[in-house]
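Inspection log for the structure reproduced underneath, given as structure tokens.
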Amino acid sequence: MRLLERALDGPVQASGQFVIGLLQRGRYTVEITAEGRKPARQSLTIPSQSYDLVF
């Protein structure tokens, strides 16, 4: 998992879940890569600092 705007890489659990903490309000792009597959990107908007998103 990579948060493109911050060049931040993070671990992904076997279930596919990941956590990105302490994001400021704004728009971000998450990129997920897996061996043998094309990278997938998902845009997301964080409306406030105390907000949880679940995909």
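Considering only trypsin sites (Lys or Arg not before Pro) in DSSP loops that have at most 15 other Cβ atoms within 10 Å, the longest stretch of the chain without any of them is 1-24.
For segment 28-44, backbone phi angles converted through the Karplus equation (6.51, -1.76, 1.60; θ = phi - 60°) give residue-by-residue couplings of 9, 10, 9, 10, 10, 10, 9, 4, x, 10, 6, x, 10, 10, 9, 7, 9 Hz, Gly and Pro being listed as x.
Coupling constants for segment 20-25 follow from the phi torsions by the Karplus curve (6.51 cos²θ - 1.76 cosθ + 1.60, θ = phi - 60°), and in residue order they are 10, x, 6, 8, 6, 4 Hz; glycine and proline get x. A straight chain from T29 to A14 at 0.36 nm per residue would run longer than the Cα-Cα distance by 3.3 nm. Extents of the chain, taken as max minus min of Cα coordinates on every principal axis and listed largest first, are 36, 21, 17 Å. Only the Cβ atoms of Lys and Arg (+1) and of Asp and Glu (-1) were treated as charged; on that basis the dipole of segment 2-46 about its Cα centre amounts to roughly 160 debye.
Here is the list for the chain: GluC sites (Glu not before Pro) lying in DSSP coil, each with at most 11 other C-beta atoms within 10 angstrom of its C-beta, are E35. Between L3, V19, Q42, whose Cα lies farthest towards the positive end of the dipole of segment 2-46 when Lys and Arg beta carbons carry +1 and Asp and Glu beta carbons carry -1, centred on the Cα centre? The one lying farthest along the dipole's positive direction is Q42. For L8, the residues whose modelled amide H falls within less than 5 Å of its own, excluding neighbours fewer than 5 places apart on the same chain, are L3.
Coordinate-derived values only; no laboratory data. Remember, it's a predicted structure, so these values are computed and weren't measured experimentally. Reconstructed Cβ throughout: ideal geometry from the backbone, glycine too, with neighbour counts over all protein chains shown.
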